[in-house]
Each structure stands twice: as C-alpha cells, then as structure tokens.
Amino acid sequence: MTTTLAPTLTARLSLTPKTTLAGLLDGAWWPRSRDLTAELPPLVDALEGRYGRITRVTVNPTRWPVVPHKVAVTGHTVHVGWFTEQDPDKMILLSYTVGRCDLLVIPPETEPAAAARLMAAAAVPGSVLSAGVLMSDEAAAGRRMRDARSSEDAWETDGGSALPPLRHPVVGARMIAMPGNPRR
C-alpha cells in the first residue's frame, strides 16, 4: 500500500524589506487555520532563508485553541511557548543566527481584502504601529466601509436614488440666435 502525502501549502507571509529602519513588526502572517501543528512548518520553512533556523516560537493562547509544546518542522523541532502578556495578535519567532522576528498574525477567517491591507501595513519599514493597533484600525475601517454600504443601500430603498441619466436634446428644436451674433 502506498501512502501519498497531501501537498504542503506555502505560508501566506509578507515581510518588511531589508533596511536599516527598525519597526515594531517584521511583517505579517495569515495562517489558514488555528492549528499550530499544521501551520508552523510552512511558516518556519518560509522564514529559514532570511532568519536561519527558527528554534522557538511564542504566542498568546487566546488566539490558539491548542498550543503544542513542540512542533516538528523540516529537519528539526520548534519549541512553542505561550505568554498571556504577549500581544494576542503577534507571534515571536526566535533564531540562533538572526535573533528575533515579530509577526502580526492575521486571523484565518479574515476577508482577503482586509488581510491584504493588514499584510501591507505590517510590512512597512520603521512602522511604530503594534499588532494590536493594526488589527483595531482594520476593524474600525471595516466597520466604516460596512456602514457606508448600508447607508447607501438605505438611501436606495428609501426612495432616494442617483440622478436619472441625461436625456437627449429634443429633435427638431429651433435655436434662437443671440443678439450680436453674425450668423443670421
């Protein structure tokens, strides 16, 4: 009997460009689920080229239903710790060679447009916005967009509407010459 492994999905990741500007975050990660055992290996593999071997990860347990102590990744094991004091929207990854990588963790159920905005915002070099601030700003922007759409829908259903399209000029209408017009 042959066993076929399911193809491993790549990590949805956005990192700050290499620059001298240091910010609070090194980028953002948008996992597909809240299962750290399944989600960490592709993330660690994606970061290995830039940060070296990731050996430890810390998370806040409020966003992860199960926090395993160890997760097997390609060629080694990553130790996972949790701290309730850590920002719930942030993950810290530690490496022997480079040091530390702080990532905004975008909830898996986030709409793609919102996730794209968050990934771009977290990857701005030198940004002083924390993970929690980025998430609350996006939530507020999402509420404003929903409110604007519902206000427009209410306007349309309550009798208000856009202006009617311009009509064509009446065919056969006479033009009256203005005084002083040489064309008479």
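Qualifying GluC sites (Glu not before Pro) in the stretch 52-140, where qualification requires a DSSP coil assignment and no more than 11 other C-beta atoms within 10 Å, comprise E85, E109. Relative to one another, the C-alpha centroids of the stretch 84-138 and the stretch 49-79 are positioned 16 Å apart. Counting only Cβ charges, +1 for Lys and Arg and -1 for Asp and Glu, the dipole size of the stretch 1-84 around its Cα centre is about 100 debye.
Just so you know, all these numbers are worked out from the coordinates, no wet-lab data involved. The shown structure was predicted, so the numbers you read here are calculated from the model rather than taken from an experiment. Cβ atoms come from the backbone with ideal geometry, glycine included; neighbour counts cover every protein chain shown.
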